[in-house]
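Below is one structure, written out as C-alpha cells, with a few remarks after it.
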Amino acid sequence: MSLKLRDIVLMVVLGTVFGFLYWALVQAWTALSIAMGPAGDLAQHFLFGGWLLVAPIAIAIIRRPFVGVIAEVLASVIEVVFLGSAVGPLLFVAAAIQGVGSELPFAIGRYKKYGWLPYAISGALGAGLVFFYSAFRSGWYGQEILFLRFGIQLASGIILGGLLAKLIVDSLVRTGVLDNFAIVQDTKPLAVRRAA
C-alpha cells in the first residue's frame, strides 16, 4: 500500500470531519429515540448507515487497501477521545468491523469498480457485519424484534452508508477538488497522466 502524503492528510481530514459528524449523529439518534417513544430503541438502526459514510468515501477517492478501515477507526478515535462518546473504547472495535465490511466489496473489485452496486453492497456489509457484534454486546439475541432490527439497519446501511456515499463522492468529483487524487487520476488517459 503506497500512500502519498496528500492521501494520508486526506484520510486524517476525513476521519476528523466524520468523527464530528458521527458525534452529531449520536445527538440526532438521541432526539429521534425520544420522538419515537416506545419504539425509540430502534432509532439507532434507522440512522446507522450514517456512521458508515467515511469508509466508502475514503476508498473511492484514494483507491488503496485498508484506507476505509483506517478512516473509520480515525473517526471513532475523534468521537471517543476528543468528543467523549458514551460508547467508549468499544467503539474502536465496532469501527474496525464497519470499515472491513464497507471496504470488502471494493477490495473484491480490486479497487477498480465504483458503480452503484459496490456502494450498496458496501453499506449492506458495513451495517450487517457490525450488527452481529452489536447484537452480542447489547443482548439482542433472543429478542422477537431481532430480525426487524437487522432489516432496518441493513436498509439504512445501503441507503445512508452506501448510496449516499456515492452521491457525495460524485458531487465532490464534479467540483474539481479531487483532481489530484486517484479517483480522477485513474480515469485520465495514460498520456495525460504522464504529462501531469
Residue tally, condition among the charged types (D, E, K, R) and more than 13 Å from Tyr114 (Cβ to Cβ), over segment 163-178: 1
Residue identified as more than 16 Å from Val130 (Cβ to Cβ) and open to solvent by 60 Å² or more (accessible area, probe 1.4 Å) among Phe46, Phe66, Phe92: Phe66
Residue under evaluation Ile61, criteria (1) more than 20 Å from Asp7 (Cβ to Cβ); (2) at pLDDT 95 or above, criterion not met: (1)
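Here is a yes/no grid of residues against (1) closer than 15 Å to Ile59 by Cα; (2) touching a Lys or Arg at 6+ places or on another chain (Cβ under 9 Å); (3) of a type in the set (Gly, Ala, Ser):
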{"residue": "Pro105", "(1), (2), (3)": "yes, yes, no"}
{"residue": "Val130", "(1), (2), (3)": "no, no, no"}
{"residue": "Tyr141", "(1), (2), (3)": "no, no, no"}
{"residue": "Leu163", "(1), (2), (3)": "yes, no, no"}
{"residue": "Leu172", "(1), (2), (3)": "yes, no, no"}
{"residue": "Gln185", "(1), (2), (3)": "yes, yes, no"}
Pick from segment 115-150, criterion closer than 16 Å to Ala55 by Cα, of a type outside the set (A, V, I, L, M, F, W, C) and touching a residue at least 60 places away in the same chain (Cβ under 8 Å), ranking: surrounded by the most Cβ atoms within 10 Å (Cβ to Cβ): Gly126
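Just checking, does segment 105-113 include any residue being surrounded by fewer than 21 Cβ atoms within 10 Å (Cβ to Cβ) and within 27 Å of Leu146 (Cβ to Cβ)?
For segment 105-113, residues surrounded by fewer than 21 Cβ atoms within 10 Å (Cβ to Cβ) and within 27 Å of Leu146 (Cβ to Cβ): absent.
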Residue in segment 41-48 that is under 13 Å from the mean Cα position of the chain (by Cα) and touching a residue at least 12 places away in the same chain (Cβ under 8 Å) present: yes
Meets criteria (among the hydrophobic types (A, V, I, L, M, F, W, C), modelled with pLDDT under 95 and under 21 Å from Leu125 (Cβ atoms)) for Leu52: no
Candidates Leu178, Leu167 - the one that is among the hydrophobic types (A, V, I, L, M, F, W, C) and open to solvent by 80 Å² or more (accessible area, probe 1.4 Å): Leu167
Residue among Ala24, Ala39 that alone is more than 22 Å from Leu83 (Cα to Cα) and of a type in the set (Gly, Ala, Ser): Ala39
Segments classed as helices (runs of 4 or more DSSP H), wholly inside segment 111-184, with at least 1 members that are within 16 Å of Ala94 (Cα to Cα): 116-138, 146-156
Neighbours by Cβ (under 6 Å, 6+ apart or cross-chain): first from segment 85-109, under 13 Å from Arg137 (Cβ atoms); second open to solvent by 20 Å² or more (accessible area, probe 1.4 Å) and not small (Gly, Ala, Ser): Leu91/Val80; Ile97/Leu129; Ile97/Tyr133
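The values are calculated or read from the model by the stated rules, or taken from the named source; none is laboratory data. Please read all numbers here as calculations on a predicted model, not as lab measurements. Note: ideal-geometry Cβ built from the backbone for every residue, glycine included; neighbour counts use all protein chains shown. The area values use the complete protein model at the heavy-atom level, side chains included, leaving out ligands, DNA and RNA. Shrake-Rupley method; radii C 1.70, N 1.55, O 1.52, S 1.80 Å.
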